[in-house]
Amino acid sequence: MEISEIEIGLPITLEIKKDEQKIQFNSAVEGIDEPRRLIFLTVVEKDGKLINFGSMPINLVIHRDDDVPILFRNCHIELVKAADNKYMYCTVLKGLGVPYNRRNAFRCFVGLDVVVQVDSHKSTFDAILRDVSSTGFGLVFRKKDLENQEFGIGTQCHTHLVDAIDKFQKININLHGVICRIAEVDEEKVVYGCELMIRA
């Protein structure tokens, strides 16, 4: 991916590796200066304070609807103040963005409507099973279908995929997972990336 392909409003995950663990923050593209290869991002707040990442190298993962995320490695993010006194992050994109597969496994696109049971809630929610791999699966929820429920990282969920072998045989594949990533697609939809708890 080149900077010319990035669009304002695309959701971005800021990914930091620390002590062999990944820490992630949600952000979004707020501005683009293509000639200087600069992009401006929404700032992250914690306990009412803006997070300043200093000189820490950060991976930027740009999310695209119904497509593989794009990774820009080892970016340095600077906290800047715009003319309207609004704070943003600014970073220079070096090189090209590459497709990013968090699961380290082949993803099979599915795109089917499913019913999902989340955590201990007895009620179920409609979603789209976006893709499945040997290590996880992705679910797209319409925010209006979540009934104002918020599910965080570590929440368990369950759904199943019915795969037709032929007109006489079907296989019911149960997917038990734990939410490990949350990203807004747009104002109406949100993606939950899930790691499989039980693997074949």
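Using a 1.4 Å probe on the protein heavy atoms, what percent of the accessible area of the chain belongs to carbon and sulfur?
49 percent
For a quick check: with amide H placed at 1.01 Å from N, whose amide H comes under 5 Å from Ile182's, ignoring anything fewer than 5 positions away on the same chain?
Distant-sequence amide H within range of Ile182: Gly193.
Which whole-number value in Å² is the accessible area per residue of the chain, probe 1.4 Å?
61 Å²
How high is the relative contact order of region 28-86, in percent, with contacts defined as C-alpha pairs under 8 Å that are six or more residues apart?
RCO, region 28-86: 24 percent.
Given Cα pairs under 8 Å that are at least 6 residues apart, what percent is the relative contact order of the chain?
Value for the chain: 15 percent.
Between Leu96 and Val80, what is 0.36 nm times their sequence separation minus the Cα-Cα distance? Round to one decimal in nm.
Length difference between fully extended and current span is 3.4 nm.
Which of Glu150, Glu34, Glu188 moves most in a GNM of the chain, Cα contacts under 10 Å?
Largest GNM mean-square fluctuation: Glu150.
Compute the Kirkwood hydrodynamic radius of region 1-76, taking the inverse of the mean of 1/r over all pairs of distinct Cα atoms, and give it in Å to one decimal.
13.2 Å
Considering only protein heavy atoms, what is the solvent-accessible area of Asp33 at a probe of 1.4 Å, reported in Å² to the nearest 10?
My reading of the accessible area for Asp33 is about 40 Å².
Out of every Cα pair in region 135-177, what percent are spaced more than 18 Å from each other?
That fraction is 46 percent.
Once amide H atoms are placed 1.01 Å from N in the peptide plane, what residues at a sequence separation of 5 or more from Lys189, or on another chain, have their amide H within under 5 Å of its amide H?
Residues meeting the criterion, in which the H sits 1.01 Å from N, are Lys143.
Set the bar at 23 Å for Cα to Cα. Now go through Lys18/Lys49; Lys17/Lys86; Lys17/Lys189; Lys22/Lys49 and name every pair that lies beyond it.
Lys17/Lys86; Lys17/Lys189
The values are calculated or read from the model by the stated rules, or taken from the named source; none is laboratory data. In this text, all values refer to a predicted model and were calculated from it rather than measured experimentally. Only protein heavy atoms, including side chains, enter the accessible area calculation; ligands, DNA and RNA are left aside. Shrake-Rupley method; radii C 1.70, N 1.55, O 1.52, S 1.80 Å.
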